[in-house]
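Before any comments, here is the structure.
Every number in this text was worked out from the coordinates using simple rules, so none of it is lab data. All of these numbers come straight from a predicted model, not from anything done at the bench. Positions of Cβ are backbone-derived with ideal geometry, glycine not excepted, and every protein chain shown enters the neighbour counts.
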Amino acid sequence: MSNHHLIELRESSSLSAEDFAKEIGSSPQAYLKMERGEAVARDVHLNAARWALIMLAGVDKEVARQLPQDIKEVIRAAMANL
């Protein structure tokens with residue numbers, strides 16, 4: 001489940017696996033192992049992926065449009081508390 005969710009998050013960024021790995025602070029080799037299910041994608045990896053999407057959305061409107069709904073809701077809640 002976590003590996004599948006990690007793939008979904010990457011695909012919403014429109015980045016290659018190698019580029020997304022760099023965005024989340026992982027080596028491309030380790031990231032690809034997680035995508036293939038050869039390594040477990042832990043909460044820390046999923047949280048790094050979510051954070052990377054938030055940061056990318058700040059500079060790329062296309063990424064912002066493709067954000068998963070749960071991440072959009074987090075951003076809305078944060079903005080409401082400013």
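Before moving on, here are some points about what is shown:
- Distance (nanometres) between label positions extended 7 Å along Cα→Cβ at D19 and V44: 2.7
- For the chain, the longest principal axis of the Cα atoms and the long axis of helix 2-13 meet at an angle of about 60 degrees.
- Dipole of the chain, positive direction: furthest Cα of L82, L67, L6, with charges on the beta-carbon: L82
- Just so you know, the Rg over Rh for the chain is 0.98, from Cα atoms, with Rh as the Kirkwood radius.
- At most 12 other Cβ within 10 Å, DSSP loop - trypsin sites (Lys or Arg not before Pro), the chain: R42
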